[in-house]
Amino acid sequence: MVTKQFDVKGMTCAACSSAVERVTGKLDGVVQSSVNLTTNRLTITFDEGKVVDEDIIKKVDRAGFSATLHIDKSKEEREKAAKAEEDEVEKVKRRVLTSIILAIPLLYISMGHMLPFTLPLPKVLDMHSAPLNFALAQLVLTTIILINGRKFYIVGIKSLLKGNPNMDSLVAVGTGSAFIYSLIMTIRIPIDSSGVHRLYYESAAVVVTLVMLGKYLEGRSKSRTGQAIKKLIELTPDTALLVVGEGAKEVPVEAIKVDDRILIKPGSRVPLDGIIVEGETSIDESMLTGESIPVEKKEDDQVIGGSMNYQGAVTVRVNRVGEDTTLAKIVKMMEDAQGKKAPISKLADKVAGIFVPAVMIIAVLAAVIWALLGHDLAFCLTIFVSVLVIACPCALGLATPTAIMVGTGIGAEHGILIKSGEALELAHEVKRVILDKTGTITEGKPAVVDIITREPPEELLRVAATLETSSEHPLALAIVAKAAEKGIKLASVKEFSSVTGKGVVGEIEGNKYYIGNEKILELAGVSDHEYREKADQAASQGQTPMFVAKEGHVIGMIAVADKVKETSKEAIQKMKDLGIQVYMVTGDREKTAKAIAGKVGVDEVIAEVLPGDKAKVVESLQTKGDKVMMVGDGINDAPALVQADVGVGIGSGSDIAIESADMVVVKSDLMDVYKAIKLSKATIRKIRQNLFWAFFYNVIGIPLAAGALYALNGSLLSPMFAGLAMSLSSVSVVSNALLLKRIKL
């Protein structure tokens, strides 16, 4: 048994992906077939003894699509593919803008006379004095719009002929029928000017324009995922300093081999994974691990490609290159997660396969039956077109996107950026929420939380901040920031020196001071001190103790920690009140993680998670059958954000986490995650109401158009009234969606 991936072209909706899954799943030897509409990728597990790649490709081709075996691309190929995708999205954008610009005068010409007040229109286009010009102007504008949306007709008709109708088929049949009928009426105007009242060009043009707009927004959302991976790849520098003899020369990263030695200077990124063989330093791995406090590194410690070297030059022996590096594996996990993540299938797409042929059969049968009953061609054609026009997917097509549009607008007003309709739809089903610790539950940056000393606390803080002013270490910056907050005036420091991995030393007002971790006390000549128990307590609470020593004894301790955000506890409780189970995941030590968890009340803690393994945590919870939401801010969260059913990025987090997420909470407040779930539930209620009314309208309207009205009272439902009914159904759906604005988050 093998599992392979195929890139599929030509899919536009859930009906398409279902068709591909159905035809490939019927192959003898296929165990599982799953299509990701977002990445247009088919993942299929099959017995190679019974099925070969060519069999799968042929099946997909016969269904009306095309497939090729997926091959992992190089960096250059990825960039080329991303550029092509961006160019295609831009082309669609231009077509949409053109169509909108043309639709405005089209609606003005065609609908102006139906308004309670008169709109000025040149006599040359007046429907009464120049009916043919009135019709031809609409014909020209509509034709250009339909040419812009020709893909719907090409794909829709092709899918219909292949026996796999989709939403494009529905658009093509409905708008095509309205256009052809209007064209026939236009041709008849010189003979019968009453045909000017039976033109439905604007119906065809507006529906196509709206569907094109939806496709553009969908394409733009897809391209953002590619941008996230692109930014992740760019973390690694293109060159490295290869150690040669007593010196070092700059070479391309691709030229570095396993066991080569590279020099990493302060302030530069680590190009590849490796082991330190010489030197000590402090490395910021927050973009990969999510932890804000830099990690002290010495000989024999592992360094990760893409991380930032703060202080101290080190020589590293490379132990992973190419696809084996930690960063490359995270990229691969993101791509794999994208391949597994299927978007929610809209109800309109699911029924398209039944609805389209059903409407066509009803239209044909109705026309044939009335012909057999002795009615003329004009009567039967009116019946046929009325059924197709009244069934045009305007209300059905608007039911979901209008509610989604209003919902995303409300979200934006509250600082919740929702990137796709699928994310907003899916969030209401979430039963498990996984929260990253650093930067999500906590502030994401160190801050002074306690000062313990026998001296006045301000004096200890003054000395510590004076020493740390010359250091760029995040813990030092936290101490300096605290002194500034209190308005403490700092002294001057002499003979300042930084001791990598330990702390700093300097002379203030004639006295020599030391500040740093416990290792700095060895330099200060301190063997034992009274703050040891306090330091242990601080560490158990997730704090980092910083000792201040003077002339052989410790004068105090400053505890620095990543503080819990003010609203985290309340937000977590509100999510739990919705019946959601809340998890906290972190790469931090278990003791520290449990201390934070106890403060905010999460249900379960998953600590000491390695970079990149958060996606596995998400996947393990998904196997239990519940929808999972992941909330995070770091690069190491990106694969998990993509793997989750709904990924939520923290606004203050890394660009890659934000790009990878389905939603972004701009204010970095967990209360907004709760509000996003609440908004999703309200939006889904509106979507269900809209779909009910859209289907109810078709259930009532189609029989009337098919001749039920004529049978009841002898009057025929003309395409004009069918078009008006279609418009009214759309207005009701939009109006209902707008009521969503009344929600209070």
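Of all positions in segment 606-617, at least one carries a residue that is in a strand (DSSP E or B) and at pLDDT 85 or above. Within segment 221-234, is there a residue that is at pLDDT 85 or above, touching an Asp or Glu at 6+ places or on another chain (Cβ under 7 Å) and within 19 Å of Ala657 (Cα to Cα)? No, the conditions are met nowhere in segment 221-234. Among the residues of segment 142-177, the ones that are of a type in the set (Val, Ile, Thr), buried (at least 24 other Cβ atoms within 10 Å of the Cβ) and either more than 25 Å from Ile362 (Cβ to Cβ) or under 30 Å from the mean Cα position of the chain (by Cα) (or both) come to 3 in all. Across segment 478-498, the number of residues qualifying as part of a helix (DSSP H, G or I), in contact with a strand residue (DSSP E or B) (Cβ under 6 Å, 6 or more places away or on another chain) and without any contact (Cβ under 8 Å) to a residue 12 or more places away in the chain comes to 0.
For every residue, the table says whether it meets (1) at pLDDT 90 or above; (2) within 37 Å of the chain's Cα centre (by Cα).
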residue	(1), (2)
Val140	yes, no
Val196	no, no
Tyr201	no, yes
Leu210	no, yes
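Of all residues in segment 152-160, none satisfies being closer than 23 Å to Val23 by Cβ, assigned to a loop (DSSP other than H, G, I, E, B) and in contact with a Cys (Cβ under 9 Å, 6 or more places away or on another chain). Residue count for segment 514-536 under the criterion of being part of a strand (DSSP E or B) and either open to solvent by less than 20 Å² (accessible area, probe 1.4 Å) or farther than 16 Å from Leu461 by Cβ (or both): the result is 2.
Criterion applied to Leu467, Leu461, Leu475 was being within 27 Å of Gly312 (Cα to Cα), in a helix (DSSP H, G or I) and in contact with a Pro (Cβ under 8 Å, 6 or more places away or on another chain), and the one residue passing it is Leu475. Selection of segment 667-681 for residues being touching a helix residue (DSSP H, G or I) at 6+ places or on another chain (Cβ under 9 Å) and open to solvent by 20 Å² or more (accessible area, probe 1.4 Å) yields Asp669, Met671, Tyr674, Lys675, Lys678, Lys681. Scanning segment 457-505 for residues that are open to solvent by 20 Å² or more (accessible area, probe 1.4 Å) and hydroxyl-bearing (Ser, Thr, Tyr) yields Thr469, Ser470, Ser492, Ser497, Ser498, Thr500.
Just one residue in the set Arg432, Arg454 is open to solvent by 10 Å² or more (accessible area, probe 1.4 Å) and within 22 Å of the chain's Cα centre (by Cα); that residue is Arg432.
Name the residue that is most open to solvent (accessible area, probe 1.4 Å), counting only residues in segment 620-650 that are in a helix (DSSP H, G or I) and without any contact (Cβ under 8 Å) to a residue 60 or more places away in the chain.
Filtering first and then ranking leaves Ser620.
Filtering segment 33-54 to residues that are over 25 Å from the mean Cα position of the chain (by Cα) and touching a residue at least 24 places away in the same chain (Cβ under 8 Å) leaves Thr45, Phe46, Asp47, Glu48, Val51, Asp53. Residues that are charged (D, E, K, R) and open to solvent by 10 Å² or more (accessible area, probe 1.4 Å) were ranked within segment 271-282; the one that is farthest from Glu472 (Cα to Cα) is Glu278.
Please go through segment 248-270 and pick out each residue that is open to solvent by less than 10 Å² (accessible area, probe 1.4 Å) and part of a loop (DSSP other than H, G, I, E, B). Listed by number, the residues that qualify are Ile256, Val270. Looking across segment 10-40, the residues that are among the β-branched types (Val, Ile, Thr), touching a Phe, Trp or Tyr at 6+ places or on another chain (Cβ under 9 Å) and modelled with pLDDT of 85 or more come down to Val20, Thr24, Val30, Val31.
The values are calculated or read from the model by the stated rules, or taken from the named source; none is laboratory data. Bear in mind that the values here come from a model prediction, so they are computed numbers and not experimental data. Because the Cβ atoms are built from the backbone with ideal geometry, glycine has one as well, and the counts that use them run over all protein chains shown. With ligands, DNA and RNA removed, areas are computed over all heavy atoms of the protein, side chains included. Shrake-Rupley method; radii C 1.70, N 1.55, O 1.52, S 1.80 Å.
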